[in-house]
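The values are calculated or read from the model by the stated rules, or taken from the named source; none is laboratory data. Remember, it's a predicted structure, so these values are computed and weren't measured experimentally. Glycine gets a Cβ as well: all are built from the backbone with ideal geometry, and neighbour counts include every protein chain shown.
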Amino acid sequence: MKRTLYLKFLIAYLLFAIFGFIMVATFVSNMTLEHCRRKKAESLYAEATQIANTYAADLYNSETSLETVQQQLVALSKYMDGARIWIVNPSGRLVLDSSNVIEQGEEIKIEGFDPTATGGTYYTIGDFWGNFQESVLSVFAPITANYKVQAYVIIHTPMSQLRKTADEFLNISYLMLIVMFLLSLIILIFFTELVYIPLRRITQATEEYAAGNMNYEFSVESEDEMGYLAASLSYMAGEIARQEEDQKKFVANVSHDFRSPLTSIRGYIEAMLDGTIPQEMHEKYLGIVLNETERLTKLTNGLLTLNNLNARGMLLEKADFDINQVIRNTAASFEMTCLEKKIAIELVLTDDKMIVNADMSKIQQVLYNLLDNAIKFSHHDSVIKIETTEKRSKVFVSVKDSGIGIPKEDQKMVFERFYKSDASRGKDKKGTGLGLSIVKEIIKAHGENINCISTVGVGTEFIFSVPKAASMDSDEEGL
Ligand code: ATP
Ligand code: MG
């Protein structure tokens, strides 16, 4: 593509040159010759009229002799670059010739001489009724005396001389054409520098990107459309590279999280089959295998949930419901686990009922995941507090524990997929690291926010918002 563009431009450039040349060689050449001929004819006519009114008129008024006029005509002819001056009477007899003395009694006649044959113009071009070898421009001016045309002053000048003058003018035109052509090379230089080279860089970059080399770097240092295009392209490639990187990381994490339970399941089953684990211990190890499969199920479910949440335009089944009730139910479902760890859940709920407008099952999942974490990362004999507060049109729900806490540098990352802090790894082997990313997606889909406040060794608090139901708002206004 890039080669043809340059070629096309060069062809256009050459066409410009060729047409320019043809124009000068035809139109301009003709126009110049025509112009020279007209000018010459005009100036010769002025001369001829001058002669007709002065010397020739004197001759016919018998005020001067033929010899004197002859001498004057010779002088004038020299002055007019060797133009031949004739005086011819209407019958065609040559009376005087500036380049030839006509002897007494000698009669030179121009056969077929007819001054009216010029068709109204005062000059003709040709061999003048066969009197010249070459083509000449002949100008007529009548000599009138006693109200009669006595004779004609005719001045001949060779056309070859005229052409020479025209050619001199034409040469100037050619020279100008060449200068113009050279000057227009500037356009070619501009085109190369401003369009062609940047375009080549951009095309090369797109080729590299298409070949998968998303980290290919290139620059077009101009602040015009080309520079903008290059910057956009570079930005786009960067974004794709980043997404690719994310995708790779995601797949690597998924594979890793799937592999470890699978390896341990396989290890235990093999050991049981080949007798490394004795029969009586099988029950214990089958329990572990069951745990691992549970983890795999959880992981798969988590991924599926995330995938559904991520799908564009996630459909929320919004409805009005009592969030206090949902909190109570979720807390109740953890009763057994709490009993085992001797953890108490304290509920501090505003009002008896708090109607919100959201997707109930999804908000339930948020609460479940947060509470699950809180219990998982709490010490034995501690308290977890779930609190709701109203603020304008929103309800804020806080889940607060006094567990291990999250280091400051990890707090930003807890919502990322598969993220598990180092501290939690030892404590919770079953965790997938997907719980909080699911929470975040759900809250985001509702157009709400979730925040994390935590101090290592002291505890963690997650606070998220839910919109109040419209009926609740109007109730308040009514009060
Ligand atoms: P899963 O939710 O699938 O069981 P998980 O709990 O490890 O796995 P997330 O819920 O996403 O995954 O939590 C991510 C990480 O954030 C946890 O591994 C843990 O390190 C940290 N974390 C989350 N909640 C708390 C908490 N209440 N106290 C301390 N650390 C927490
Ligand atoms: Mg969790």
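Taking the numbered list (1) surrounded by 15 or more Cβ atoms within 10 Å (Cβ to Cβ); (2) aliphatic (A, V, I, L, M); (3) at pLDDT 90 or above in turn, Ile110 passes all entries but (3).
Filtering the stretch 258-295 down to residues that are small (Gly, Ala, Ser) and assigned to a helix (DSSP H, G or I), which residue is farthest from Glu416 (Cα to Cα)? Don't jump to the end; show me each part of the working.
Start the filter on the stretch 258-295 by keeping residues that are small (Gly, Ala, Ser), which leaves 260, 264, 267, 271, 275, 287.
From what's left, assigned to a helix (DSSP H, G or I): 260, 264, 267, 271, 287.
On the way: Ser260: 20, Ser264: 26, Gly267: 31, Ala271: 36, Gly287: 31 Å.
Per the stated criteria, the residue is Ala271.
Against the conditions (1) over 30 Å from Tyr45 (Cβ atoms); (2) crowded, with 17+ Cβ neighbours inside 10 Å; (3) in the same structural domain as Leu44 (by TED's automatic domain parsing), Gln104 satisfies every one except (2).
Could you check the stretch 201-228 and list, in sequence order, the residues that are part of a helix (DSSP H, G or I) and out of contact with any Leu (no Cβ under 9 Å at 6 or more places or on another chain)? Outline the logic, then answer.
We begin by selecting, within the stretch 201-228, every residue part of a helix (DSSP H, G or I); these are 201-210, 225-228.
The answer is Arg201, Thr203, Gln204, Glu207, Glu208, Ala210, Glu225, Gly227, Tyr228.
Leu339 satisfies every condition listed in (1) surrounded by 14 or more Cβ atoms within 10 Å (Cβ to Cβ); (2) under 27 Å from Val458 (Cβ atoms); (3) aliphatic (A, V, I, L, M); (4) more than 16 Å from ligand 1 (Cβ to nearest atom) except (1).
Being without any contact (Cβ under 8 Å) to a residue 24 or more places away in the chain, surrounded by 12 or more Cβ atoms within 10 Å (Cβ to Cβ), more than 21 Å from Asn30 (Cα to Cα) and of a type outside the set (D, E, K, R) holds for only one residue in Thr124, Thr118, and it is Thr118. With respect to the stated conditions, Leu370 is out of contact with any His (no Cβ under 7 Å at 6 or more places or on another chain), within 14 Å of ligand 2 (Cβ to nearest atom) and either under 23 Å from Ala469 (Cβ atoms) or at pLDDT 95 or above (or both).
Suppose we keep only residues that are small (Gly, Ala, Ser) and closer than 24 Å to Gln364 by Cβ within the stretch 383-418. Which one would you say is farthest from ligand 1 (Cβ to nearest atom)?
To start, the set of residues in the stretch 383-418 that are small (Gly, Ala, Ser) comprises 393, 398, 402-403, 405.
Of the ones still in play, those that are also closer than 24 Å to Gln364 by Cβ are 393, 398, 403.
Details: Ser393: 28, Ser398: 12, Gly403: 5 Å.
Among those residues, the one meeting the criterion is Ser393.
Criterion applied to Leu347, Leu315, Leu286 was being closer than 18 Å to Phe396 by Cβ and away from ligand 2 (no atom under 16 Å from the Cβ), and the one residue passing it is Leu347.
What residue, of Phe250, Phe218, is hydrophobic (A, V, I, L, M, F, W, C), touching a residue at least 60 places away in the same chain (Cβ under 8 Å) and surrounded by 13 or more Cβ atoms within 10 Å (Cβ to Cβ)?
Details: Phe218 fails: touching a residue at least 60 places away in the same chain (Cβ under 8 Å).
Exactly one residue qualifies, and that residue is Phe250.
Considering each residue of the stretch 264-278 in turn, at least one proves to be out of contact with any Phe, Trp or Tyr (no Cβ under 6 Å at 6 or more places or on another chain) and at pLDDT below 90. For the stretch 349-462, the strands (runs of 3 or more DSSP E) that sit wholly inside it and include 3 or more residues that are outside the structural domain of Glu292 (by TED's automatic domain parsing) and buried (at least 19 other Cβ atoms within 10 Å of the Cβ) are 355-359, 383-391, 394-401.
Restricting attention to the stretch 128-183, the residues being in contact (Cβ under 8 Å) with a residue 12 or more places away in the chain and closer than 30 Å to Tyr13 by Cβ number 8.
Yes/no per residue for (1) touching a Gly at 6+ places or on another chain (Cβ under 7 Å); (2) more than 28 Å from Asn308 (Cα to Cα):
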residue: Leu347; (1), (2): no, yes
residue: Thr350; (1), (2): no, yes
residue: Lys353; (1), (2): no, yes
residue: Lys362; (1), (2): no, no
residue: Leu367; (1), (2): no, no
residue: His380; (1), (2): no, yes
residue: Thr388; (1), (2): no, yes
residue: Arg392; (1), (2): no, yes
residue: Gly405; (1), (2): yes, yes
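Any residue at all in the stretch 69-79 that's surrounded by 13 or more Cβ atoms within 10 Å (Cβ to Cβ), within 30 Å of Ile178 (Cβ to Cβ) and touching a helix residue (DSSP H, G or I) at 6+ places or on another chain (Cβ under 8 Å)? There is no residue in the stretch 69-79 that is surrounded by 13 or more Cβ atoms within 10 Å (Cβ to Cβ), within 30 Å of Ile178 (Cβ to Cβ) and touching a helix residue (DSSP H, G or I) at 6+ places or on another chain (Cβ under 8 Å). Does the stretch 247-257 contain at least one residue that is of a type outside the set (Val, Ile, Thr) and in a loop (DSSP other than H, G, I, E, B)? Checked against the condition, which is being of a type outside the set (Val, Ile, Thr) and in a loop (DSSP other than H, G, I, E, B), the stretch 247-257 yields no hits at all. Quick one: is Asp322 more than 16 Å from ligand 2 (Cβ to nearest atom), assigned by TED's automatic domain parsing to the domain that holds Val458, touching a residue at least 24 places away in the same chain (Cβ under 8 Å) and loosely packed, with under 13 Cβ neighbours inside 10 Å? No.
I need the full set of residues from the stretch 419-445 which are more than 7 Å from ligand 1 (Cβ to nearest atom) and either out of contact with any Leu (no Cβ under 7 Å at 6 or more places or on another chain) or at pLDDT below 85 (or both), in order please. So that I can check it myself, show each step before the final result.
Residues of the stretch 419-445 that are more than 7 Å from ligand 1 (Cβ to nearest atom), as a first pass: 422, 425-427, 429, 438-445.
If the condition is that a residue be more than 7 Å from ligand 1 (Cβ to nearest atom) and either out of contact with any Leu (no Cβ under 7 Å at 6 or more places or on another chain) or at pLDDT below 85 (or both), then Asp422, Arg425, Gly426, Lys427, Lys429, Lys440, Ile443, Lys444 are the ones that fit.
Listed here are the helices (runs of 4 or more DSSP H) enclosed by the stretch 1-104 that have at least 1 residues being farther than 23 Å from Lys148 by Cβ: 2-23, 29-51, 66-79.
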